[in-house]
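Asker: There's a structure below that I have some questions on.
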Amino acid sequence: MNDGNGSADVTRLGERAEAQGLRVSVAESLTSGRLANAVGAGPDASQWFAGGIVAYLTDVKERVLGLAPGTDPCSAAAAEQLAVGARELFDADICVSTTGVGGPGPEGGHPAGTVYLGWATSDGVGHRRLALDGDPEDIIEATVEAAIRMLSFHADGLEPARPGHEIEGDGPA
């Protein structure tokens, strides 16, 4: 992360997740693994980062993550469905997803820089729409930073993980 804020947010996320025994996961389309890479670099990530999935093709999103057929892959509904699907796949307490158009040109009727972040926890599901400027690299970097902030924000609001989500080896499975 160029400005350093992303790594501070990952540190905050890691500290919160470890203290609360939370399992964190991500689902990526637009960011192609960059979000999982950034989250996995967090402190003691092996204790709280359940994993991530990259799904570019719509049929893969449908089959693996439960995207409803006919859903616009660059939409709030898609972002939410991807987050829910990956949260279930990884049995996580929180999941954030990324989908959108990185550019350089428009795609599917959406201008470059149209990005949706989805989130899912046991308490709810939601999304955030971003309208980003820049070249594809700038858009992806800004998306990863926003997704990490979203993970950190929602982790702050979660209660301690339910039994069975302790990741340490001596806890319940």
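Asker: Out of all DSSP beta bridges with both ends in the chain, state the antiparallel percent to the nearest 5.
Answerer: Values: 16 of 26 bridges.
Antiparallel bridges make up about 60 percent of those DSSP assigns within the chain.
Asker: A further question follows. Using Cβ counts within 10 Å as a stand-in for footprinting exposure, how do H127, H110 rank, fewest first?
Answerer: Working: H127 22, H110 16.
Ordered from fewest to most neighbouring Cβ atoms within 10 Å, H127, H110 come out as H110, H127.
Asker: May I ask which residue of A131, A41, H110 lies farthest towards the positive end of the charge dipole of the chain, with charges of +1 (Lys, Arg) and -1 (Asp, Glu) on Cβ and the Cα centre as origin?
Answerer: H110
Asker: Over the chain, calculate the relative contact order: mean separation of alpha carbon pairs under 8 Å at least 6 apart, over the residue count, as a percent. Provide the component values of the computation, followed by the final result.
Answerer: Working: 361 pairs, mean separation 44.1, N = 173.
Reported relative contact order: 25 percent.
Asker: Counting other C-beta atoms within 10 Å, which of F49, F153 has the fewest, and how do the rest follow?
Answerer: Numbers: F49 25, F153 16.
Result, fewest neighbours first: F153, F49.
Asker: Still on this structure, I have one more. Using a simple spin-label model with points 7 Å from Cα along the Cα→Cβ vector, what separation in nm is obtained for E137 and D72?
Answerer: 3.0 nm
Asker: For the residue pair T11 and N37, what label-to-label distance in nm results when each label sits 7 Å from Cα along the Cα-to-beta-carbon direction?
Answerer: Between T11 and N37, the simple spin-label model gives 2.2 nm.
Asker: Going by C-beta contacts inside 10 Å, put E80, E137, E145 in order with the fewest on the left. Don't skip to the answer; put the middle values down first.
Answerer: Details: E80 23, E137 10, E145 20.
Final ranking by Cβ density, sparse to dense: E137, E145, E80.
Asker: On to the next question. Just from its helices, what would the mean residue ellipticity at 222 nm be for the chain, if runs of 4 or more DSSP H residues each count -39500 (n - 2.57) and the sum is divided by every residue, rounded to the nearest 500 deg cm²/dmol? Walk me through the numbers before you get to the answer.
Answerer: On the way: 5 runs with 68 residues, N = 173.
Result for the chain: -12500 deg cm²/dmol, rounded to the nearest 500.
Asker: Compute the acute angle (0 to 90°) between the alpha-carbon long axis of helix 5-20 and the principal axis of greatest extent of the alpha-carbon atoms of the chain; round to the nearest 10°.
Answerer: The answer is roughly 40 degrees.
Asker: Within region 119-157, what residues put their amide N at less than 20 Å from the label point 7 Å along the Cα-to-Cβ vector of Q47?
Answerer: 151-157
No lab work stands behind these numbers, since they all come straight from the coordinates. This is a predicted model, so every value here is computed, not measured. Neighbour counts are summed over all protein chains in view; Cβ atoms, including those assigned to glycine, are modelled from backbone coordinates with ideal geometry.
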